[in-house]
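Each remark here refers to the structure printed beneath this line.
The values are calculated or read from the model by the stated rules, or taken from the named source; none is laboratory data. What you are looking at is a predicted structure, and each value in this text was computed from that prediction instead of being measured. All Cβ positions, glycine included, derive from the backbone under ideal geometry; neighbour counts span all protein chains shown.
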Amino acid sequence: MRIHHLEITAFGPFAGTESVDFDALADAGLFLLCGPTGAGKTSVLDAICFGLYGEVPGDRNSAKRLRSDHAGPGVAPAVTLELSVNGRRFRLRRSPAWSRPKRRGTGFTTEQARVLLEESVDGSWVHLSSRLDETGHLVTDLLGMNPSQFTQVAMLPQGRFQAFLRAKSDERHKVLQRLFRTSRFEDIERWLVARRQTLRASSKEHQDAVASVVSRLSESAGTDLPEDWELHDLALPAEAGDVAGWARDLVAEAASAREALSTEATAVGRLTDEARRRLEEGRGTMRLRSRHEEAVGIARSLEESQEQEDRARAALDAARRASVVVPLARHAQETATAVERAQRALGQALADAARLLDTDAAALTQGELEVAERDATEAATIARTLLPREAELRRAERDAARVTRTLSGLAEERSGLDQRCTTIPGQVAELRTRLTEQVTLAAEAETLVAAEQAATERLDAARRVTSLRADLEDAGERLRASTDVAQRLRQRYQDLREARINGMAAELAASLAVGESCPVCGSADHPQVALSVDGAPTRSDEEHARTEYENAEFDQQTRREVVATLRQNLAVADHASGGQSVAGLRDELAALRVRRAASATAASERDRLATSVADLEAELADAIARLQQLAADEARLRAERDHAQAVVESVSAELSALFAEDEVAGSVSRLIEARTAAGTAFGMAREALAARDRATTQAQDAGQRAHECALEHGFADTATATRAVLAPADHARLEQLLRERDALRAQSRATLADAEVSAAVAADTPDLAALAEAAQAAEATLTDVAARARETQKRAERLVALERELARELAAWAPTRAAYAVASGLSTFAEGKGGDNALQMRLSAYVLSSRLQQVVAAANERLHGMSDERYTLEHSSARGVGEVRGGLSLLVRDEWTGESRDPATLSGGETFVTSLALALGLADVVTQEAGGSSIDTLFIDEGFGTLDPETLDDVMDTLDTLRDGGRVVGVVSHVPEMRTRIPAQLQIRKDRSGSRVVAAREAV
């Protein structure tokens, strides 16, 4: 990854647009980014990180305030970054979310964050993405690093040099995995775990199936499992074949018991059959004797009731003869009844006709009735011709009434409209006066909104001033305390160093031995050996004091940066507040809000009054138009009313003449109904007279035929024949009685004639009780043996089926069990949990440990030179403190003491040097690794101030060697000596209007 060009607009302290050409700085290989505190050196690095990932390193990202406070109100913040990754050139344009003034009206609106990712293809920029999430994924995949990892490897930010050096194995694992693209080994681990879990679940299913069959075998056989078996852990017995053998033994035992019970059941069955036969023979003899006695009793009973049978036969014969006469008698009775009904109907019809004709009913004849019926029908026909004229009269009456009602309603509506047209002009004039007043009040609304927003911003700034002053005071106290500690520790370190130099002769003398040469003068004689003074400082004391001093100095520098930042923020906030107090601004804001509320109320009232005026004017116009329409409608309706009244008068006169000729008046319909009813009455009387004559003739004929039939069938008259008829129930009862007597007589004769019955009567009487007892005893014995035999048979069949099922389940379990054993061993080994994994190291960690060894080797090449060959990084496979697995731990070996220790024990300067060497080594290995992205641009933000002059020389020599590999290193530092050592410089200058980037030749 190499950065070519950076363009910054309204970002951080930069108010305008600043450009940085890294390709020009790359020629030197090493360049310095310098400038006063707070000028924006770190903001340049923030812009690079923001251009790549859309966020800035460390705690500054949580502030979410990236736009420059010095930029103009409408200037959009933006970062444009061009870089190359693995031979491909990309351009990223990002803009953070920010608030801009509204284009219309007052106030602000929020512009959302934006991004544009392009790639240079054949000299043209090709669009790749404009989505934030998609661009983030693409950049992370291209660089192989997320934002946190990028700042650990390619950008050592201020105060975070030791992040990768002091990281735990898991954190270091994530960084190295993304850099070296070794996620496939974690995929292998996950696949093995998933495979193990799948096979374990499958094996558990097979185990449960086998356990279920074994449990059913044990239950069916009525025996317990072997004592050394566990029902839910049968893997070992199944593997050894013990489970299958145990099932075979149970099946064999059940088969043997079944054969024994089958033989016993056969013998008992023969004895039972013999006892059943003897009992059945005795019961048959007794049944035959009982039948003989029953037949004798039936014959005696039939002889005694013979007279009853004769009477039943005579009654049935008379009923059969009467059945022919009864229908004719019933018909004669029905015709006589019909004559009576016809006579009653005739009397009523003649009475109705006589009343209409005003004559005597007895004197009416068939001819008179026919003439009266014809006259009534003709009168109804004439009346029907006048029905349309009557309908026309009714319509005219309804139209006249309707028009009269409508004219009355229109008159009332015209009166109301006249009144509204009189009152509306006065109401409109009054509302217009009030509307003018509210318009004047509402005109101040927009001005008050802008004033309130400005007062709110000043109040927020005044509150920040109060908070920042307290923070600045606290930070100043901490800085003074840190400065005192640093000065005290520096003095202590110098005193110890001077005391140790003074006592160096005694320290050398302590290492002399008799016969050995002096390391100073070379003499083997030591006539006067210097003696050490009690309490003299040792080398360890000096190193400890130096470490404390360097750490304190680093802490002092950090707190100085915090104080400078707070002062800058305080000045900005104080300027924004206008120098006013929080209380005064709060009162001013409250007054503005009261005035704005009143103005808002006036605006609302203004809109309401304007709507009311418009509504009243529209109502007046509608009323005038409606009055004009009413005048036309009234004229038309009066004409319609006059026409309807003329029709009513004409038709009424015509109908009055018709009703005057008839006694029925008032309606043509009623007249038609009366004439039609009269004609119907005359017709009914004529028909009733004819019906009475026909019924009389039919009744005489039916009576004669019934009497003749009764004489023919042996009855004196029809009444006698009717009495001989039997009810259906009595008839059925007598026939059933005769059938039963005939059946009993036949049955008795057959039984008495049966030879077998006669033989049974002549034989000896059997002892049924003794025979039944013997048969019952034999049955009980057979039932018991058969039940035991069936149970044994079912058990044997059940055990055979379960043995086969067990064999199938064992065969299905065997391959899964073997595969699970292999997968479990491989999975636990790859996870670093297996007993055969002595290092307890994951597969992915083991692969990355080899990469880390290469990184450590590359880092040591530079660390030896920068530490005067005192420190060496070591890769350790052991677990660190609080770590579950090892493989990616780092130690620092001190060649002066020969001890290896945790990187956390290094001083500030030592930590910086070691972290720098590790970052450079990591960049070297990633560049050489085929799967990684080369890191050709590296940034180091501060840390050089913690180095002594000698170490600084070693570090600078090391950084100079980077030019040979083509790598570019940007250094951010306040150390004055760095300006003389690094000619290629990028300086940042600041003033009240913001910061800007200048070339080294422009700096003064």
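The table for this structure:
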item: Any chance S84 is among the hydroxyl-bearing types (S, T, Y), touching a residue at least 60 places away in the same chain (Cβ under 8 Å) and over 25 Å from D574 (Cβ atoms); result: yes
item: Subset of the stretch 117-139 [part of a helix (DSSP H, G or I) and of a type in the set (D, E)]; result: D133, E134
item: Residue count for the stretch 533-557, restricted to those that are at pLDDT below 75 and either basic (K, R) or surrounded by fewer than 17 Cβ atoms within 10 Å (Cβ to Cβ) (or both); result: 5
item: Any hit, the stretch 758-776, residues being within 30 Å of A322 (Cβ to Cβ), modelled with pLDDT of 75 or more, in contact with a Ser or Thr (Cβ under 9 Å, 6 or more places away or on another chain) and assigned to a helix (DSSP H, G or I); result: no
item: Test: residue in the stretch 828-839 that is outside any helix (DSSP H, G or I), loosely packed, with under 15 Cβ neighbours inside 10 Å and touching an Asp or Glu at 6+ places or on another chain (Cβ under 7 Å); result: no
item: One residue from R790, R795 being over 30 Å from L234 (Cβ atoms) and under 60 Å from the mean Cα position of the chain (by Cα); result: R790
item: From G683, G679, G714, G703, residue being on the phi > 0 side of the Ramachandran plot, assigned by TED's automatic domain parsing to the domain that holds A332 and surrounded by 12 or more Cβ atoms within 10 Å (Cβ to Cβ); result: G714
item: Near pairs, Cβ below 7 angstrom, 6+ apart or cross-chain, from the stretch 776-804 (under 24 Å from E219 (Cβ atoms)) to any residue that is among the polar types (S, T, N, Q); result: A789/S262; R795/S220; R798/S220; L799/S220; L802/S220
item: Test: residue in the stretch 261-282 that is buried (at least 16 other Cβ atoms within 10 Å of the Cβ), touching a helix residue (DSSP H, G or I) at 6+ places or on another chain (Cβ under 9 Å) and free of Cβ contacts under 8 Å to residues at least 60 places away in the same chain; result: no
item: Selected residue (only one of L328, L316 is surrounded by 13 or more Cβ atoms within 10 Å (Cβ to Cβ), part of a helix (DSSP H, G or I), of a type outside the set (D, E, K, R) and out of contact with any Cys (no Cβ under 8 Å at 6 or more places or on another chain)); result: L316
item: Cβ-Cβ under 6 Å pairs, at least 6 apart or on other chains, the stretch 317-335 side in contact (Cβ under 8 Å) with a residue 60 or more places away in the chain and among the charged types (D, E, K, R), far side buried (at least 16 other Cβ atoms within 10 Å of the Cβ) and in a helix (DSSP H, G or I); result: none
item: Residue in the stretch 594-607 that is over 30 Å from A450 (Cβ atoms) and surrounded by 13 or more Cβ atoms within 10 Å (Cβ to Cβ) present; result: no
item: Residues of the stretch 854-879 satisfying the condition of being modelled with pLDDT of 85 or more and in contact with a strand residue (DSSP E or B) (Cβ under 8 Å, 6 or more places away or on another chain); result: V856, N860, Y871, T872, L873, E874
item: Top-ranked residue in the stretch 169-215 [being among the hydroxyl-bearing types (S, T, Y), over 30 Å from A919 (Cβ atoms) and surrounded by fewer than 19 Cβ atoms within 10 Å (Cβ to Cβ); ranked as nearest to the chain's Cα centre (by Cα)]; result: T198
item: Strands (runs of 3 or more DSSP E) enclosed by the stretch 1-74 - at least 1 residues per element that are more than 19 Å from I982 (Cβ to Cβ); result: 2-11, 14-21
item: Of residues in the stretch 218-232 being of a type in the set (A, V, I, L, M, F, W, C) and either loosely packed, with under 13 Cβ neighbours inside 10 Å or within 51 Å of the chain's Cα centre (by Cα) (or both), the one nearest to W246 (Cα to Cα); result: L225
item: Residues located in the stretch 235-246, provided they are under 24 Å from E797 (Cβ atoms) and either β-branched (V, I, T) or surrounded by 17 or more Cβ atoms within 10 Å (Cβ to Cβ) (or both); result: V243, W246
item: Any hit, the stretch 620-635, residues being over 28 Å from T404 (Cβ atoms) and not assigned by TED's automatic domain parsing to the domain that holds D484; result: yes
item: Restricting the stretch 880-903 to residues that are touching a helix residue (DSSP H, G or I) at 6+ places or on another chain (Cβ under 9 Å), at pLDDT below 80 and small (G, A, S), the residue that is surrounded by the most Cβ atoms within 10 Å (Cβ to Cβ); result: G887
item: Complete set of residues in the stretch 93-108 that are over 16 Å from R65 (Cα atoms) and polar (S, T, N, Q); result: T106
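For (1) modelled with pLDDT of 70 or more; (2) out of contact with any helix residue (DSSP H, G or I) (no Cβ under 9 Å at 6 or more places or on another chain); (3) not in a helix (DSSP H, G or I); (4) not aliphatic (A, V, I, L, M), each residue gets a yes or a no:
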| residue | (1), (2), (3), (4) |
| --- | --- |
| E910 | yes, no, no, yes |
| S915 | yes, no, no, yes |
| A919 | yes, no, no, no |
| D924 | yes, no, no, yes |
| G931 | no, no, yes, yes |
| I935 | yes, no, yes, no |
| F939 | yes, no, yes, yes |
| G945 | no, no, no, yes |
